[in-house]
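Written out below as structure tokens is the structure these notes cover.
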Amino acid sequence: MNPFNYIDNHLTVDGVSVSEIATAVGTPVYIYSKAFFQARLVEFETAFADIPHLLCYSVKTCANLSLLKLSAENGFGADIVSGGELFKAIKAGLSPCRIVFSGVGKTASEMAEALRADILMFNVESAEELETLAQVAGNLNLRAKVALRVNPDVDPQTHPYIATGLKASKFGISHDEAITLYKQAAANPHLKVIGIDCHIGSQLTSVTPFVAAAEKLRDLAIELQSAGLNLRYLDMGGGLGIRYNNEIIPAVSEYAAVLKPLLKSLPGLTLILEPGRRIAGPSGALLVKVLYNKRNGSKNFVVTDGAMNDLIRPSLYGSYHRILPVLRTGASKNVVDVVGPVCESGDFLARERLLPAVKAGDLLAVLEAGAYGYSMSSNYNARLRAAEVLVENGFFRVIKSRESYEDLTRGEYI
């Protein structure tokens, strides 16, 4: 199922005309399908329904309040990595007792905010972080519920920038160090050990690395339980990939089929998963308008009003996003670079892409852009960040207004 489809050669999202959205809201604009987003939430819940589990939507993926609220309404918790994400998650109605706080650089003030909110647990990533968390909890006369993020040294076979489970990564704690830190945490009156955590990377296209990581965590969990630690949660993180181009992607049911037997060997533990991209990515698209066609020697460029500040993934990761003309005309195809107005040679949405000929004013849809699209956007070159729109039951509504020039200087002083 794909929410973006042609009807009479006009691109639609769940039956709503994409051109109509552009006319009403302008471009660039992020468009999300509520039906598709919700169907992916249900897909995860269904796949793991027969075992104790908690699904925590990865807020960093796409943090619009409307989508966070939809996650909460479907029984999800939240995986956060900052105080700002904690604020947004609670504002959207996500229960603090279903929130896990991940990330390698939590500040003392963020820890205090999360402790006061009484979140489910902190996924701790270093000895010094553990020490700071204990101090903050002690100052508040509270106990911090913790898991340690263990680095299983598993190759996730993904882009190096989003591989997080290798020894060279800044994330996680080695197996040997984890044993020592767990014992220290268990002995600290301001800490309560309740889980074990790992996250090996993002955009994984095979379940094999998940199995390898889960087996290592299972063995460590058994060792910790034998040492007297009362573990309640096994957090396997997220990372299940989506199809951007020609990738062969495991079904959620296949993912569940390999993880559930491992969990059943650990009675009493609840499985936590932190999906994000798999839910949000295909649910959204970035709509841009063609400004110019340009030719430099043998190179053809399509210049759009969307740029790397709107969608940085192609520039940052060399990632591929499908691009479709909103009006399908049957025009002859050319090999072009689709670029934006930003003053960087690295400002592109696609390179050497075979696309139908377009002219100024035509619209293009950059697909599979719902994950790490708007959430990684910026004001570089003093560009206004895009609007966000949610399509629901044949209608659309703005869920984030386009920024104004006044927004660019808010909080600045001369």
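The values are calculated or read from the model by the stated rules, or taken from the named source; none is laboratory data. All values derive from a computational prediction rather than experimental measurement. Virtual Cβ from ideal backbone geometry, glycine too; neighbours counted across all protein chains shown.
The residues of the range 11-35 that are at positive phi and surrounded by fewer than 17 Cβ atoms within 10 Å (Cβ to Cβ), listed by number, are Gly15, Gly26. Looking at Gly361, Gly340, Gly411, Gly330, can you tell me which residue is in contact (Cβ under 8 Å) with a residue 60 or more places away in the chain and of a type outside the set (D, E, K, R)? So the residue among Gly361, Gly340, Gly411, Gly330 that is in contact (Cβ under 8 Å) with a residue 60 or more places away in the chain and of a type outside the set (D, E, K, R) is Gly361. Beta carbons closer than 7 Å, at least 6 apart along the sequence or on distinct chains, pair a first residue in the range 86-97 that is under 11 Å from Ile119 (Cα atoms) and free of Cβ contacts under 8 Å to residues at least 40 places away in the same chain with a second that is in a loop (DSSP other than H, G, I, E, B) and not small (Gly, Ala, Ser) for Pro96/Asp118; Pro96/Ile119; Cys97/Asp118; Cys97/Leu120.
Table: residues versus (1) modelled with pLDDT under 95; (2) in a strand (DSSP E or B); (3) hydrophobic (A, V, I, L, M, F, W, C).
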| residue | (1), (2), (3) |
| --- | --- |
| Thr27 | no, no, no |
| Ile31 | no, yes, yes |
| Phe36 | no, no, yes |
| Val42 | no, no, yes |
| Asp50 | yes, no, no |
| Leu54 | no, yes, yes |
| Tyr57 | no, yes, no |
| Ala63 | no, no, yes |
| Ser66 | no, no, no |
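Does any residue of the range 72-90 turn out to be under 22 Å from Ala256 (Cα atoms), within 15 Å of the chain's Cα centre (by Cα) and not hydrophobic (A, V, I, L, M, F, W, C)? Yes - at least one qualifying residue is present in the range 72-90.
I'm checking my understanding of the structure. Among residues of the range 339-379 that are of a type in the set (D, E, K, R) and crowded, with 17+ Cβ neighbours inside 10 Å, which one is farthest from the chain's Cα centre (by Cα)? It comes out as Asp362. Filter the range 132-188 for residues that are aliphatic (A, V, I, L, M) and assigned to a loop (DSSP other than H, G, I, E, B); which is modelled with the lowest pLDDT? So the residue we want is Leu166.
Considering only strands (runs of 3 or more DSSP E) fully contained in the range 324-373, which possess at least 3 residues that are more than 24 Å from Val16 (Cα to Cα) and out of contact with any Cys (no Cβ under 6 Å at 6 or more places or on another chain)? Reasoning before the result, please.
Values: elements: 333-339, 348-356, 363-366.
Counting at least 3 such residues, we get 333-339, 348-356.
Those strands (runs of 3 or more DSSP E) of the range 232-310 in which 1 or more residues are closer than 18 Å to Pro209 by Cβ and within 17 Å of the chain's Cα centre (by Cα) occupy 233-235, 270-273.
Tell me, which residue of the range 98-115 that is polar (S, T, N, Q) and more than 29 Å from Pro52 (Cα to Cα) is surrounded by the fewest Cβ atoms within 10 Å (Cβ to Cβ)? Give the steps one after another, and end with the answer.
Narrowing the range 98-115 to residues polar (S, T, N, Q): 102, 107, 109.
Imposing the further condition that a residue be more than 29 Å from Pro52 (Cα to Cα) reduces the set to 107, 109.
Numbers: Thr107: 12, Ser109: 10.
Filtering first and then ranking leaves Ser109.
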